[in-house]
Amino acid sequence: MSAKLQEVPRFVHTLEEYFAMLQASERRWEFWDGEFICMAGGSPEHYIIAGNIRDELAVRLRGSGCRPFDGETPINTPTLPPVRFPDSSVVCGKPSFTKMNGIGVLNNPLVLFEVLSSSTEYLDREPKREAYQALPSVQEYLLVAQSIPFVTRFVRLGKRWRRIEYRDLNDVIKLTSLDVELPMSEVYRDIEFSE
């Protein structure tokens, strides 16, 4: 006999439990309505793309006063507490960290990247995008597809956000807040797409 979905107990955790688990774990976890969602354990393509982005940014930003951070760096998101883990972030100038339950949390990212996964794509496109865009420091937010060459870039224009799409491996993403260009061919280096 199978239970109905409504009858399956749902365990709701507290923020204290979340931070205790986060400190004890070697994985990245996000807190969503009392539940923990693992942000690690994606596909090989996800790892390669995220690594490509961070590596390219590290080279292109050298000597600029800006620095990329990897997906292990939690971002303080007051409108969607407590923290979120983008796949890459960039800070220009001095990074500002706050201790939140013993964990160093970044307050002032300028640019954020998320490599989309089927299990978390909705969260990246909607609630996380809104939380990131609510941060005054954030000027650009990029969503990077895995299965096809497709990047969506959101750029702050005063109080509005402009959406720009890149769909060709010959395209170059102009990160205006960083004054650097990021070729799509480098974002997707070593990725093979099915025809």
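The values are calculated or read from the model by the stated rules, or taken from the named source; none is laboratory data. Worth saying up front: this structure is predicted, and the values here are computed from it rather than measured. In this analysis, Cβ positions are derived from the backbone assuming ideal geometry, glycine residues included, and neighbour counts consider all displayed protein chains. For accessibility, only protein heavy atoms count, side chains too; no ligands or nucleic acids. Shrake-Rupley method; radii C 1.70, N 1.55, O 1.52, S 1.80 Å.
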So how many residues does the range 88-144 have that are free of Cβ contacts under 8 Å to residues at least 60 places away in the same chain, of a type outside the set (Val, Ile, Thr) and part of a strand (DSSP E or B)? 12
Looking at this structure, is ILE148 among the β-branched types (Val, Ile, Thr) and outside any loop (DSSP other than H, G, I, E, B)? no
Determine, yes or no, whether LEU106 is over 20 Å from THR79 (Cα atoms), at pLDDT 95 or above, open to solvent by less than 20 Å² (accessible area, probe 1.4 Å) and of a type outside the set (S, T, N, Q). no
Return the only residue of ILE37, ILE48 being open to solvent by 10 Å² or more (accessible area, probe 1.4 Å), farther than 18 Å from VAL138 by Cβ and at pLDDT 95 or above. ILE48
Could you list, in sequence order, all residues of the range 86-103 that are of a type in the set (Gly, Ala, Ser) and open to solvent by 30 Å² or more (accessible area, probe 1.4 Å)? GLY93, SER96, GLY102
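Conditions tested, residue by residue: (1) without any contact (Cβ under 8 Å) to a residue 40 or more places away in the chain; (2) closer than 17 Å to GLU114 by Cα; (3) among the aliphatic types (A, V, I, L, M).
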| position | (1), (2), (3) |
| --- | --- |
| LYS159 | yes, no, no |
| ARG163 | yes, yes, no |
| ASP171 | yes, no, no |
| GLU181 | no, no, no |
| TYR188 | no, yes, no |
| GLU192 | yes, no, no |
Listed residues VAL187, VAL151, VAL172, VAL144; which is within 16 Å of ILE49 (Cα to Cα), open to solvent by 40 Å² or more (accessible area, probe 1.4 Å) and touching a strand residue (DSSP E or B) at 6+ places or on another chain (Cβ under 9 Å)? VAL172
Out of all the residues in the range 78-89, which are touching a helix residue (DSSP H, G or I) at 6+ places or on another chain (Cβ under 6 Å) and either modelled with pLDDT of 95 or more or basic (Lys, Arg) (or both)? ARG84, SER88
Take the conditions assigned to a loop (DSSP other than H, G, I, E, B), crowded, with 20+ Cβ neighbours inside 10 Å and free of Cβ contacts under 8 Å to residues at least 60 places away in the same chain and apply them to THR73. Does it pass? yes
